[in-house]
Structure formats: C-alpha cells, structure tokens
Amino acid sequence: MSVTENLKTIKNLLPENVTLVAVSKTQSNEKIMEAYQCGQRVFGENYVQELVDKANVLPKDIEWHFIGHLQSNKVKYIAPFIALIHGVDSFKLLKEINKQAQKNNRTINCLLQIHIAKEETKFGLDENELFEILNSDELKNLSNINICGLMGMASNTDNIHEVKEEFIYLNQLFQKLKNKYTANNINVTTLSMGMSNDFQIAIECGSNMVRIGSSIFGARIYSN
Ligand SMILES: *Cc1c(COP(=O)(O)O)cnc(C)c1O
C-alpha cells in the first residue's frame, strides 16, 4: 500500500477532534512529501539531527513535533521552529526549553510525558513527579513555555486489557488537570496517546492526538 492509501485509511478511522501526528522518523523526504501532498501538515520526529536536517529542506508550513526522548543540551537546535515537544519528563528539561524559547523570542508548547507502561525502559514522570512540577513556584516564572497536556506510551503487549487500563489511567490524570490546573503557562487541552498498534483503543479511552508511523509509511529501516 502507498503512503497516500495508508493515510486515507487511517484518516477515515479518526474522529474529527483527533489530531494525527504522522511519525516520519527514519523515513525519506520523498515519503514525507507524499503525505504532505495529501494535506498532512503535522509530522513527528524522534532524533534531533534528523529533524533539523528535514526541517531545513522540507516545506516551511510543516508543523514539526518532537516525540522522542529529548536531551537538555539539544533543545537549542529545535527551539527556533518546534511546534510541540511531547516527551517532557523532567523539570530540568522544562527549564531549558523555556530558556531556549526565550532566546528565540517565542513560546514553546510542551506535553508532560507520563510513565504508564509496565516496561522500565520507557521514559516519563509518575503522578507524584507530575504534581511536583505543576505545583512548584518556579514553574510560574517560566513564561516562554505552555504546558498543553499529557503524553504517554502504553506497554508493548498483545494484552488489550492491559493497554486499555494504562490509557484509562492517563485519561483520568488528564481530566483531573483539565479541570483544576490553569495558569498563564498551563493550558491543558491535549492528550497524546496511541500509535499504529493501539490508536483505536487510545481514542476509545479519550485520546485527542495520535502518533502514527509504520501504518502510514511502512516499517522503519534503521541504518547507521
Ligand atoms: C516511533 C514512535 C511512534 C510511532 O510508532 P508506530 O508504531 O510506527 O506508529 C509513536 N510515538 C513515539 C513516541 C514513537 O517513538
């Protein structure tokens, strides 16, 4: 199946309120442009250098999302143009994003990543760490970031019940914030959960942003 056909199939499965992030990591600019020609404008990347290289040559109206694990010392490379950073998992990183956003005279949208999977290897905050950040006085001074929601990755398992439980938990946390936490730099609207294998479950559980890669572009080929 072509990128065009895959994209059509997936879009037909998405309710209108759900934003599709086309995850293009390791995929060629040709494939990205095929999706672009179909009207797709939101793309997600995991690696800073790859993202910067692509953003330099691809159309300027693409909205780039960073969805990988971001190291503080690399924020400066994406700060001039990034539309949304999904994987914010520490206060240190948040402060660095704010600093680089300030340098670029802009506000950067961020999602706080919550650890919902059973796997230890996945990144993210637990509930206590989340509220520590949201309740901290220092956060009020970060005027160049906007915390606009939460992101999570479910366990990589065929056990649908387990995946569902994890998504339901993340949605409950999201609903809690949505009703309670607002500030000049906290404006909770976005729940980023669901990938190729589990996005339909995620949507059932309240997701309004899905990150889909291989079901659009085909399997990823990693080379060194
Ligand atoms: C790679 C990646 C995706 C896309 O995964 P697919 O299974 O190819 O859809 C989504 N989210 C994150 C955080 C990723 O790293």
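Across 69, 161, 115, 86, the residue with the most accessible area heads the list, and the full order at a 1.4 Å probe is 161, 69, 115, 86. The residues of the chain present an accessible area of 50 Å² per residue when probed at 1.4 Å with all protein chains retained. Placing a pseudo-label 7 Å from each Cα along the Cα-to-Cβ vector at residue 134 and residue 200 gives an inter-label distance of 3.1 nm.
Pairwise Cα separations in segment 1-129 fall into 5 Å bins from 0 onward with the following percentages, short to long: 2, 10, 19, 20, 18, 15, 11, 5, 1.
Note on segment 33-89: Rg/Rh from C-alpha atoms, Kirkwood Rh, equals 0.96. Placing +1 on each Lys and Arg Cβ and -1 on each Asp and Glu Cβ, with no other charges, gives segment 19-98 a dipole about its Cα centre of roughly 220 debye. Based on DSSP loop calls and a cut-off of at most 15 other Cβ atoms within 10 Å, the longest stretch of the chain free of exposed trypsin sites (Lys or Arg not before Pro) is what? By the stated rule (loop sites, at most 15 other Cβ atoms within 10 Å), 119-219.
Set against the 2.2 N^0.38 Å expectation for a compact globular protein, segment 105-224 has a Cα radius of gyration ratio of 1.14. Distance between the C-alpha centres of segment 148-202 and segment 74-106: 22 Å, rounded to the whole angstrom.
Could you work out [θ]222 nm for the chain from helices alone, using -39500 (n - 2.57) per DSSP H run of at least four and dividing by all its residues? Round to the nearest 500 deg cm²/dmol.
Result for the chain: -11500 deg cm²/dmol, rounded to the nearest 500.
Antiparallel beta bridges, as assigned by DSSP with both residues in the chain, represent about 5 percent of the total such bridges.
Taking the alpha carbon gyration tensor of segment 169-209, multiplying each eigenvalue by 5 and rooting it gives semi-axes of 22, 10, 6 Å, largest first. Under 22 Å of direct C-alpha separation, and excluding same-chain neighbours fewer than eight residues apart, residue 8 reaches these lysines: 25, 31.
Rolling a 1.4 Å probe over the protein heavy atoms of segment 60-121, with every protein chain left in place, gives an accessible area that is 46 percent carbon and sulfur. Two numbers describe the Cα atoms of segment 80-158: Rg and Dmax, which are 13.3, 45 Å.
Listed by chain and number, the lysines placed with their C-alpha closer than 23 angstrom to that of residue 178 are 95, 140, 164; residues fewer than eight positions away on the same chain are left out. Using only the Cα atoms of the chain, each taken as one equal point scatterer with no solvent, compute I(q) by the Debye sum, divide by I(0), and report log10 of the ratio at q = 0.11 Å⁻¹. Rounded to two decimals, the profile gives -0.52. Counting every alpha-carbon pair across segment 147-215, the share separated by more than 21 Å comes to 24%.
The values are calculated or read from the model by the stated rules, or taken from the named source; none is laboratory data. Given the structure is predicted, the values throughout are model-derived calculations rather than measurements. Quick reminder, even Gly has a Cβ in these numbers, built from the backbone with ideal geometry, and neighbours come from all protein chains shown. Side chains are part of the model used for accessible areas, which takes the heavy atoms of the whole protein and leaves out ligands, DNA and RNA. Shrake-Rupley method; radii C 1.70, N 1.55, O 1.52, S 1.80 Å.
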